[in-house]
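Peer 1: One structure follows; several queries about it will come next.
The values are calculated or read from the model by the stated rules, or taken from the named source; none is laboratory data. Everything numeric here is computed off the predicted structure, so don't read it as measured data. Cβ sites come from the backbone with ideal geometry, for glycine too, and all protein chains shown count toward neighbours.
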Amino acid sequence: MAIYKVTNTQQSWYGISIGIIILNVNIPYLPGNVGNATTFPFPVQYIKVKEASLKRLIKEQDSALVAPFITAAKALESQGVKAITGGCGFTALFQKEVAASVSVPVFLSSLIQIPFIFQILKPGQKIGIVTADKSSLTNKHFNAVGVDPKIIPMVIAGMEDKKEFKQAILEEKGTLDSSKIEKELLDTIEEMTQANPDLGAILLECSDLPPYSYKVQQKTGLPVFDYITMINFVHTAVVKNRFFGYL
């Protein structure tokens, strides 16, 4: 058995690798969603920011939310998590401030993956981004995670006018028809790829879209990035395992 030296006696439990800051919303979280713990093959710890409604975060882009996000991040850090993520790509707005407030890595938005994706594209290719609300996704969000839209070629499509997505996610009706949202997403992807045959990869900004990533890849044949690819990537960096095998 391994020998452990415990240095933090303030924790009430141990073994949580990723802390997740969740918004205060009424949305069913399917497997594959950041908000569903069965999505991950490792332990995660959630904390809800009660002040963070979709309206305040996405539409109003309320800078006052940075304070409760910092409080939530510090609470997760005190519980021993090794890294902290968010549950909505629009939390990109608070990336720098929250990252500066704790000592563990912070990666609040799926948009953080854009520079990496850009580096693996072929010359002339673009990144196709599907967001929950295109009209609300601004250069301010991109700049907050180190992305210059003038340098990185991106095509953005929104789900805000898709009926089931709008009602279930943006309007929080409390129920969700996954087959309808899947079709709406695939229709959006088809429109985007037909108009932009030079796409080299897809990024799903919204944390409610990863449950459909498999179907997106089946339809396009492209690399598909989302919140889950990002969280899994960071997890493998902050929790290393020994290799076992033979020559």
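Peer 1: Under 6 Å by Cβ, and 6 or more places apart or on different chains, what pairs join a residue from region 225-247 that is surrounded by 14 or more Cβ atoms within 10 Å (Cβ to Cβ) with one that is in a loop (DSSP other than H, G, I, E, B) and aromatic (Phe, Trp, Tyr)?
Peer 2: His235/Phe42
Peer 1: Taking the stated definitions as given, is Tyr46 of a type in the set (Phe, Trp, Tyr) and in a strand (DSSP E or B)?
Peer 2: Yes, satisfied.
Peer 1: All but one of (1) assigned to a helix (DSSP H, G or I); (2) buried (at least 16 other Cβ atoms within 10 Å of the Cβ); (3) without any contact (Cβ under 8 Å) to a residue 40 or more places away in the chain hold for Ala73; state the number of the condition that does not hold.
Peer 2: Condition (3) is where Ala73 drops out.
Peer 1: Please enumerate the residues belonging to region 157-205 that are buried (at least 18 other Cβ atoms within 10 Å of the Cβ), of a type in the set (A, V, I, L, M) and either touching an Asp or Glu at 6+ places or on another chain (Cβ under 6 Å) or assigned to a helix (DSSP H, G or I) (or both).
Peer 2: Ala168, Ile169, Leu170, Ile181, Leu185, Ile189, Met192, Leu204
Peer 1: Additional query: Let me confirm something: among Ala100, Ala92, which residue is surrounded by 23 or more Cβ atoms within 10 Å (Cβ to Cβ), of a type in the set (A, V, I, L, M), modelled with pLDDT of 95 or more and in a helix (DSSP H, G or I)?
Peer 2: Result: Ala92 is the single residue among Ala100, Ala92 that is surrounded by 23 or more Cβ atoms within 10 Å (Cβ to Cβ), of a type in the set (A, V, I, L, M), modelled with pLDDT of 95 or more and in a helix (DSSP H, G or I).
Peer 1: May I pose another question? What is the number of the single condition among (1) touching a helix residue (DSSP H, G or I) at 6+ places or on another chain (Cβ under 7 Å); (2) of a type outside the set (A, V, I, L, M, F, W, C); (3) assigned by TED's automatic domain parsing to the domain that holds Asn143 that Gln119 does not meet?
Peer 2: Only one criterion in (1) touching a helix residue (DSSP H, G or I) at 6+ places or on another chain (Cβ under 7 Å); (2) of a type outside the set (A, V, I, L, M, F, W, C); (3) assigned by TED's automatic domain parsing to the domain that holds Asn143 is unmet by Gln119, namely (1).
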